[in-house]
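This report concerns only the one structure given below.
Values quoted throughout were computed directly from the atomic coordinates according to the rules given, and no laboratory measurement underlies them. This is a predicted model, so every value here is computed, not measured. Cβ placement follows ideal geometry from the backbone for every residue including glycine, while neighbour counts extend to all protein chains displayed.
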Amino acid sequence: VTEPAADAGQEALGPGREFDVIRALLARWSGVARGVGDDGAVLDIPAGSRLVASIDTSVEGVHFRRDWLTVHEIGYRSTASALSDLAAMAARPLGILLALSIPADALDDAPALGDGVGQAARDAGCAIVGGDTTRGDRLALTVAVLGHASAPVRRSGARPGDRVYVTGRLGAAAAAVAALARGETPPAALRERFAHPVPRIAEAQWLAAHGVSAMIDISDGLVSELRHLAAASGVAITVELEQVPVAGDVRPAAAAVSGEEYELLVTSPRELDAASFFRVFALPLTDIGRVGDGAGGVVTTTHQGERVDPGAGYDHFSP
Ligand SMILES: [Mg+2]
């Protein structure tokens, strides 16, 4: 949010009640909004580090529904998912820029939405450094994230012989969405994982410091991300579904195609100390497979040694 009187607000939304949205957001973000009030944010990058940038759009009816999530949760998730892309690069967050498109019937929700964005930013120790607000026919948030990394970890570094690890437990997000789609209330623990995914920023620093060769975050589902990583690295990957850590009683095959998990998937040339990782983060780090030298991008899933197809990859639900 730049200076409220500038293009952040008045022209786009007009004076009066709509302009109050900008003021309300800035008031909610006291302490976390930093460097606003000029035409652009000015950020310092530590010497020797590189700038890492990513942008994510969340649109009502495509990425979220207001009858499934509170606006606070919508603000939180949109920001957390954008920050997860910084984690995937082993970057430390520098700042968030938010572009908010807001329909007339959601103007009253703007403070709660802003609180959700603010919570995700605070949790990640990241400032909100700029933004823009406009009227729209549906709620949409575009979150740009800026970070820095002295040694960004890419998708392309996996090599034959590497082990494949995943953080956390998978499957809660898809299970929660499936329950909501059936008109049911998801179990509280699954719904919480869906509503409040945690960008694994500190965990990514640990993994990078322990020499992982490639990293990606799980937004489209484990199998789908494995394909991205295997293609970028020019390797084949085999994953043992019975090793995949699941949330609740989710089946491993369902967990393997559950999207919007925002856990980290890494490859490592050495065995990683999962017990030590768990002591630091209270989060499992699980060896689920191996990198092979087959055709690049090919991912094989097995269960008890038998090849199985965990099903189609994840797509955003149809509104
Ligand atoms: Mg990603």
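With the convex hull constructed from alpha-carbon coordinates only, the chain shows a mean projected area of 16.5 nm² over all directions.
Given the peptides 50-56, 78-84, arrange them by the average over their residues of other C-beta atoms within 10 Å, most packed first.
On the way: 50-56: 15.9, 78-84: 26.7.
The most tightly packed comes first, giving 78-84, 50-56.
Expressed as a whole percent, the proportion of Cα-Cα pairs in region 164-310 lying more than 18 Å apart is 55%. Using Cβ point charges alone (K and R +1, D and E -1), the dipole size of the chain about the Cα centre works out to roughly 680 debye.
Per-residue extension of 0.36 nm, minus the Cα-Cα distance of ASP137 and ARG65, leaves a gain of 24.5 nm for this segment. Extension gain for GLN205 to VAL298 (0.36 nm times residue separation, less C-alpha to C-alpha distance): 30.7 nm. Applying 1/(1 + (r/R0)^6) with R0 = 25 Å to the Cβ-Cβ distance of ARG50 and ALA282 gives a FRET efficiency near 0.25. Please give me the summed charge of the neighbours of ALA144: other residues whose Cβ is under 13 Å from its Cβ, Lys and Arg +1, Asp and Glu -1. Here the charged neighbours net out to -3. Taking the average, over residues, of other Cβ atoms within 10 Å as the packing measure, peptides 167-179, 246-258 rank 167-179, 246-258 from highest down.
Region 253-270 and region 177-194 have Cα centres spaced 20 Å apart. Taking packing as the residue-averaged number of other Cβ atoms within 10 angstrom, the listed peptides 217-225, 58-66, 192-200 run from highest to lowest as 217-225, 192-200, 58-66.
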